[in-house]
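Trainee: I have a structure here, written as structure tokens, and I will follow up with some questions on it.
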Amino acid sequence: MKKFILLLSVLATVFTSCEDEKVILTTSSGNINNLSVIVENDLWKGEVGDAIRTNLAATVEGLPQEEPLFNMNQIPPKAFSGFVTKNRTYLKVEKSDSIALKIVRNQFARPQTGVIAKGPDAASIAKLINERGADIVAVFKQTEIKEKQRRINKSLKADDVIKKKLGVSLKFPTAYRYAKEDDKFFWLRKDLKNGGMNIMIYEIPMQKIDADTNVISSIIKMRDSIGQAHIPGPVDGSYMITEAAYAPYLFESEIDGRFAYETKGTWEVKNAFMAGPFLNYTIEDKANNRYIVLEGFTFAPSAPKRDHMFELEAILKSAKIGF
């Protein structure tokens, strides 16, 4: 009997230890692109805070008005407890003998990404954040894109016709409708209170881009010809073009493991007063001697556009080509 009781006691201890090690995390919370910044008030008001704001509240490229990369909420370390720790993304500043930048996953909730910046004094921490600012932004943005895609995946619109005609799979919500299908061109639209969000999907021969050494010029010509053929404006003879006054931003990127040109800028309507931001991915598909073009653009006059464009980016980055 004593041996039996002892066995039960040992088993209970083992199970309790296992349960203690297996921490059940609650679901993280927070709006998309909302960042908690855990830092002492005096550091926030000084050069450390300046470095954080310079890098994480920088203006989003390609928008017609200034909007920050992230909305930030500063929290003193003593107040960082309970529900406050459940935000999906956080940046924490700590004093330490060594200088280091550390990424922490799912520490207080799931999914969650934390970045901890350490240094012995304000100057070293500010320097670290300035030097690694692009890396910090990339880590948080990847988390937010993934979260946005998770939310989109809850209610998907069928993309069978796009797969059939273009060999492209795209995950977009049921709020979008097929506004136009013309051979191998697709225009998807989502209505807003005063405007709309739009996606274009089409293909072009590789030589349309590769024949010209000026890539940005080729992409502008491509966009303008597509706009003239497929995206009419509100009056006769009007259609969407790339804004003539400012050249778009051009980056090298990757979609579905394939090289892509990423272009951000402003569109306008020729012969009409309409404009807004666009994001274009021109993606190599060498096996089929073509570029697949995915573009999102927004019309939302007098309204913030960052979150609209972020949704479009999350959709475009879900693309699978030649599956």
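Trainee: With the chain treated as a Gaussian network of Cα nodes joined by springs under 10 Å, which of Lys208, Lys118, Lys141 yields the largest mean-square fluctuation?
Mentor: Result: Lys208 has the largest fluctuation of those listed.
Trainee: If a/c stays under 1.5 just call it rounded; otherwise compare a/b with b/c (prolate if a/b is bigger, oblate if not). Do that for segment 261-311, with a ≥ b ≥ c from the square roots of the Cα gyration tensor eigenvalues.
Mentor: oblate
Trainee: Could you work out [θ]222 nm for the chain from helices alone, using -39500 (n - 2.57) per DSSP H run of at least four and dividing by all its residues? Round to the nearest 500 deg cm²/dmol.
Mentor: Computed ellipticity for the chain at 222 nm equals -9500 deg cm²/dmol.
Trainee: Quickly work out the Gln65-to-Phe273 label distance, labels modelled 7 Å from Cα along the C-beta direction, and quote it in nm with one decimal.
Mentor: If labels sit at Phe273 and Gln65, their model points lie 1.6 nm apart.
Trainee: Averaged per residue, what accessible area in Å² does the chain show with a 1.4 Å probe, protein chains only?
Mentor: Accessible surface, normalised per residue, equals 53 Å².
Trainee: Next question. What figure, in Å² to the nearest 10, do you get for the accessible area of Arg177 with a 1.4 Å probe and non-protein molecules left out?
Mentor: 100
Trainee: Would you please classify the overall shape of segment 52-192 from the alpha carbon gyration tensor, given that a ≥ b ≥ c denote the square roots of the eigenvalues, rounded means a/c under 1.5, and beyond that prolate means a/b larger than b/c while oblate covers the rest?
Mentor: prolate
Trainee: Would you kindly derive the ³J(HN,Hα) couplings of segment 108-117 from the backbone phi angles with the Karplus curve 6.51 cos²θ - 1.76 cosθ + 1.60 (θ = phi - 60°), listing them in order in whole Hz, with x for Gly and Pro?
Mentor: My calculation for segment 108-117 gives 10, 7, 9, x, 7, 10, x, 10, 10, 9 Hz in order.
Trainee: Still on this structure, please answer the following. Please tell me which of these pairs span more than 22 angstrom C-alpha to C-alpha: Lys157/Lys317; Lys165/Lys193; Lys92/Lys154; Lys86/Lys264; Lys190/Lys317; Lys190/Lys264?
Mentor: Long pairs (Cα-Cα over 22 Å): Lys165/Lys193; Lys92/Lys154; Lys86/Lys264.
Trainee: On the protein heavy atoms, probe 1.4 angstrom, tell me the percent of accessible surface of the chain carried by carbon and sulfur.
Mentor: After summing per-atom areas, the C and S share lands at 52 percent.
Trainee: Against the longest principal axis of the chain, how steep is helix 133-152, in degrees 0 to 90 to the nearest 10, with axes from Cα atoms?
Mentor: 80
Trainee: Follow-up. Compute the distance from the alpha-carbon center of segment 261-323 to that of segment 61-135, in whole Å.
Mentor: Measuring centre to centre over Cα atoms gives 29 Å.
Trainee: Less than 14 Å apart at the alpha-carbon level, and either on another chain or at least 8 residues along: which aspartates and glutamates does that give for Lys270?
Mentor: Asp224, Asp236, Glu243
Trainee: Between (i) 27, 47, 21, 4, 1; (ii) 27, 53, 19, 1; (iii) 32, 57, 11, 0, which matches P(r) over Cα pairs in 20 Å bins from 0, in percent calculated for the structure shown?
Mentor: (i)
Trainee: Checking the cross-link filter: which aspartates and glutamates have an alpha carbon closer than 19 Å to that of Lys118, excluding same-chain neighbours under 8 positions apart?
Mentor: Glu40, Asp42, Glu47, Asp50, Glu94, Asp97, Glu131, Asp135
Trainee: Please give the charge dipole size of the chain, origin at the Cα centre, charges +1 on K and R Cβ atoms and -1 on D and E Cβ atoms. Round to the nearest 20 debye.
Mentor: Its charge dipole is roughly 1340 debye.
Trainee: Going by a ≥ b ≥ c, the root eigenvalues of the Cα gyration tensor, does segment 140-222 fall in the rounded group (a/c under 1.5), the prolate group (a/b larger than b/c) or the oblate group?
Mentor: Because a/c hits 1.5 or more and a/b exceeds b/c, segment 140-222 counts as prolate.
Trainee: Another question, then. So which aspartates and glutamates pass the test for Lys305, namely a Cα distance under 13 Å, with those fewer than 8 places away in the same chain ruled out?
Mentor: The qualifying aspartates and glutamates are Glu61, Glu66, Glu67, Glu313.
Trainee: Here is a further query. Which value, in Å² rounded to 10, gives the accessible area of Thr143 with a 1.4 Å probe and all protein chains present?
Mentor: Ignoring ligands and nucleic acids, Thr143 comes out at about 20 Å².
Trainee: What fraction of the DSSP beta bridges in the chain is antiparallel, stated in percent and rounded to the nearest 5?
Mentor: Close to 75 percent.
The values are calculated or read from the model by the stated rules, or taken from the named source; none is laboratory data. Everything quoted here is computed from the prediction, not taken from an experiment. Counting neighbours? That spans all protein chains shown, and the Cβs are built from the backbone with ideal geometry, glycine included. Surface accessibility is based on the protein's heavy atoms, side chains included, excluding ligands, DNA and RNA. Shrake-Rupley method; radii C 1.70, N 1.55, O 1.52, S 1.80 Å.
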